[in-house]
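Since every read-out is calculated from the coordinates, none of them should be taken as a lab result. Computed from a predicted structure; not experimentally measured. Cβ: placed from backbone, ideal geometry, glycine included. Neighbour counts: every protein chain shown.
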Amino acid sequence: MRKKATGYALLVAIGLGSLFSCKDKTNNDKYFYNALRDTVAPKIQINVPTIGSLYNFGDDIHVIGTVTDLEVTNKSGKLKSLSLDIYQYDPANGQIVKTLMQRDPNVDTKSGFTFSEKYTSAVGQPATIYCKLMVTAMDYSTRVSQDSVLFSITP
């Protein structure tokens, strides 16, 4: 009976020690992400397409780049969402005509992500269309960054 009681007491002591140990780490450890301390918006780098690129109808248009997030300088943050959209764009009035591609890669809780998507343009269009790639990233502190590239598709 005495061994059994000692065993239970030991288990309770270990459990309480673990509980207090975890509490201290989650609340006070500077290495855990904290959205309230997050002062840095995600950073977007678009490698392809480049500004003013010219494609032919039927070409594969690759969308390649990276998005990274920091909580504060030199400390990783957490991305919440990423949106990669290609729109047909009217340069005369700056308006979006229609959506050509929409991708939402899963970046949830990642501090960085390399995106690589492909859009195949339609064949047989009679005139040049102007396109806008829009990349939008949001982190868990709801800071949002956007970047865009204009390019064209010709017959």
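Some values worked out for this structure:
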quantity	calculated
Proximal charge balance of residue 152 [Cβ under 15 Å; K/R count +1, D/E count -1]	-1
For the stretch 62-147: rounded, prolate or oblate by the Cα gyration tensor [a/c cutoff 1.5]	prolate
Eligible aspartates and glutamates near residue 78 by straight Cα distance, threshold 14 Å, same-chain separation 8 or greater	38, 69, 108, 139
Paramagnetic reach from residue 36 in the stretch 97-133 [backbone N under 14 Å; point 7 Å along Cα→Cβ]	none
Mean Cα-pair separation over length for the stretch 35-154, i.e. relative contact order, pairs under 8 Å, 6 or more apart, %	36
³J(HN,Hα) computed for each position of the stretch 127-135 - Karplus, 6.51 cos²θ - 1.76 cosθ + 1.60, integer Hz, glycine/proline x	9, 4, 10, 9, 10, 10, 8, 10, 10
Alpha-carbon centroid distance for the pair the stretch 42-67 / the stretch 68-128, whole angstrom	9
Cβ-defined net charge surrounding residue 106, 15 Å radius [Lys, Arg +1; Asp, Glu -1]	-1
Chymotrypsin sites (Phe, Trp or Tyr not before Pro) lying in DSSP loop within the stretch 29-84, provided at most 14 other Cβ fall within 10 Å	31, 32
Residue-count net charge about residue 84 - beta-carbon cut-off 10 Å; Lys, Arg +1, Asp, Glu -1	-2
